[in-house]
1. Under 8 Å for C-alpha pairs, at least 6 residues apart: give me the relative contact order for the range A:1-89, rounded to a whole percent.
2. Grab the beta carbon distance between B:V66 and B:E25, set R0 = 22 Å, and tell me the FRET efficiency rounded to 0.05.
3. Enter the mean number of other protein chain beta carbons within 10 Å of the beta carbon of each residue in B:78-87, as an integer.
4. Comparing B:R107, B:R20, B:R299, which has the greatest mean-square fluctuation in the GNM of chain B with Cα pairs linked when under 10 Å apart?
5. For B:V18, which sequence-distant residues (separation of 5 or more, or a different chain) have an amide H within less than 5 Å of its own amide H, given hydrogens modelled in the peptide plane?
6. Among rounded, prolate and oblate, which fits the protein assembly as shown when a ≥ b ≥ c are the square roots of the eigenvalues of its C-alpha gyration tensor, a/c under 1.5 means rounded, and a/b larger than b/c means prolate?
7. Which shape class applies to chain A: rounded if a/c is under 1.5, otherwise prolate when a/b exceeds b/c and oblate if not, where a ≥ b ≥ c are the square roots of the Cα gyration tensor eigenvalues?
8. Which of these, B:P15, B:P218, B:P152, has the largest mean-square fluctuation under a Gaussian network model of chain B (Cα springs below 10 Å)?
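The values are calculated or read from the model by the stated rules, or taken from the named source; none is laboratory data. Not measured: the values here are computed from a predicted model. As a convention, Cβ positions derive from the backbone with ideal geometry for all residues, glycine included, and neighbour counts pool all protein chains shown. The protein model used for the area step is the full one, side chains on, heavy atoms only, and it has no ligands, DNA or RNA in it. Shrake-Rupley method; radii C 1.70, N 1.55, O 1.52, S 1.80 Å.
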Amino acid sequence: MSARANILRSSAAHAILIAYTILALYPVFLIVINSMKSRRAIFNDPLALPTRQSFDLVGFQTVLEQGNFLLYFQNSLIVTVASLFFALLFGAMAAFALAEYRFRGNLLMGLYLALGIMIPIRLGTVAILEMMVAANLVNTHWALILVYTANGLPLAVFILSEFMRQVSDDLKNAARIDGLSEYRIFFTIALPLVRPALATVAVFTMIPIWNDLWFPLILAPGESTKTLTLGSQIFLGQYVTNWNAVLAALTLAIFPVVVLYLIFSRQLIRGITRGAVK
Amino acid sequence: MGNLTLNKVCKSFGPVDVIRDVDLEVKDGEFCVFVGPSGCGKSTLLRMIAGLEDITSGDVCIDAAVVNTVPPSKREIAMVFQSYALYPHLNVRDNMGLGLKQAGQPRAEIAEKVDRAAKMLDLEKYLTRRPGELSGGQRQRVAIGRAIVRKPKLFLFDEPLSNLDAALRVQTRIEIANLHRELGATMIYVTHDQVEAMTLADRIVVLRDGRIEQVGAPMELYNNPANEFVAGFIGSPKMNFLNAPALGQPGRSLGIRPEHLTLSRDGGLIEGRVSHVEHLGGETLIYLRADPHGLITVRLFGEHAASVDDRAFVTPDMARAFHFGDDGLRMAA
Ligand SMILES: Nc1ncnc2c1ncn2[C@@H]1O[C@H](COP(=O)(O)OP(=O)(O)OP(=O)(O)O)[C@@H](O)[C@H]1O
Ligand SMILES: [Mg+2]
């Protein structure tokens, strides 16, 4: 293989990747540029960049003035981060137990915990609502956090137990001889070693929670617990839609997920390279 | 003190019996090596002694106290693993000191013990490095250091050298032998390397299918194997098993070591054809095909010319041959 062929091959690969990136990012880019244009400019030429004449922050103004946008934002963040935390924590713990301890019914238990991947949780909406009413949790963050945690667990258990099985037995045994408790082994040895898998699960779990409209609408529609997605609905009317505000809200909603994603993907890459040089 | 007694120890994984009725006594300061084919239960037995694996039945005693239910960290043992098993997030110093820290020893004392072990193992330069920044040999020395600082009654080694290259293996083997002399501690060492077993052991335990086949000093096993399995397992290259009836000898097979055969071109007891020759410099191994005995290995000292398909005769030194009966056991000569 000559060096030239290598360059050709790698530039072809890069061309494909760049094309894909543009394709994937273009809608986001459109949302962001249009959020900074006047209403007329949005409709006249949706693909144009904002110019001096068409530049208008009226959308952002509306969003920040109308409704409790900051509060919605905060609600979304609390619900997403808390659900993510619990799904990852309990998922990893269950995965560790399934991978590490031999007990009767281990395999069945693993299957049972992973079964939820195939069953849409929305099928149980009525029962969930009844349960939340009985527990007096409607219109609280906990209603959403509990549902999302339950929804995130099956995938977390499924993916993480595979990775937990790969954590060296010798390492765990060395720690037991050194007198570390099972909890310390889990937190200080197993968890850091499956960090790339944790990041993957986190990304997969996070996005649907952040974007969800269904459960906030049913379980926590109250003003104080509204999430961003639900809060933005006021701009989408049956007859009139305030596009400036919708686009501005979407633009603002993108940033936290991007930040969270960047954090996780860094972990992901760090985990991969660390495994490679070990 | 570090006496270990195993009393009718058994282990089953579900319906599979992995360790069956193992009785063993290891005296204080002894270097005891477990050998056996892959899958015979060496590691499992070692893990049972360490307390990492539950015992199905029987007793494990350390210094006359039954420790069946004592957790690993309270058994005053230390273990060195084949895969080093160093904590990737801790530097060398913390790796070696973690056990003592968990036991609640004062910081200054831990530092002193770690320094002493590091000096012993020539690791002083690396104390602040992470395991990822060390070579394989250095990592294994850190693992050994982690064992030393605990001052255990019992050292357990599970194939500690098999991830190292040949030169490093010899060097580390000598270090372990020196360590045993210096510390005078009881050591139990699992390996399937002939040379490690023969050179390190005070006593070798030969295991097969979870049972002890024979226990004895290396030369005792070499000169006086109890059965065909032990005879074939101890010694390298492997002992030849000739067809005894064809030679007019009692029993099923006649065991003779490759070094106790003489080769001649002109005549001898068994005629065969050379099928392969290995020149090792100091010695020459000649493989001979001879029916009905199969492949016979002859070990000659020095250089010998021989080429494939040559006709040759071998004669066993009958005084050093072993007779094995139909049950595989050694028959009285
Ligand atoms: N957790 C387990 N569940 C079921 N069977 C097991 C388990 N661990 C080990 N075994 C079985 O026990 C037997 C002994 O295993 P062990 O690891 O002790 O062998 P070994 O003598 O150390 O072999 P090697 O020389 O290859 O390391 C093997 O047949 C293995 O399949
Ligand atoms: Mg083993």
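1. On the way: 30 pairs, mean separation 17.0, N = 89.
Answer for the range A:1-89 is 19 percent.
2. Working: r = 14 Å, r/R0 = 0.66.
E between B:V66 and B:E25, to the nearest 0.05, is 0.95.
3. Details: counts 3, 6, 2, 7, 1, 5, 4, 9, 3, 8.
What the average comes to for B:78-87 is 5.
4. Maximum fluctuation in the GNM of chain B, among the listed residues, is at B:R107.
5. Those qualifying (amide H under 5 Å, at least 5 residues apart or on another chain) are B:K11, B:S12, B:F13.
6. Working: a/c = 2.79, a/b = 2.23, b/c = 1.25.
Taking the square roots of the gyration eigenvalues as a ≥ b ≥ c, the protein assembly as shown is prolate.
7. Numbers: a/c = 2.63, a/b = 1.32, b/c = 1.99.
The shape class here is oblate.
8. B:P15
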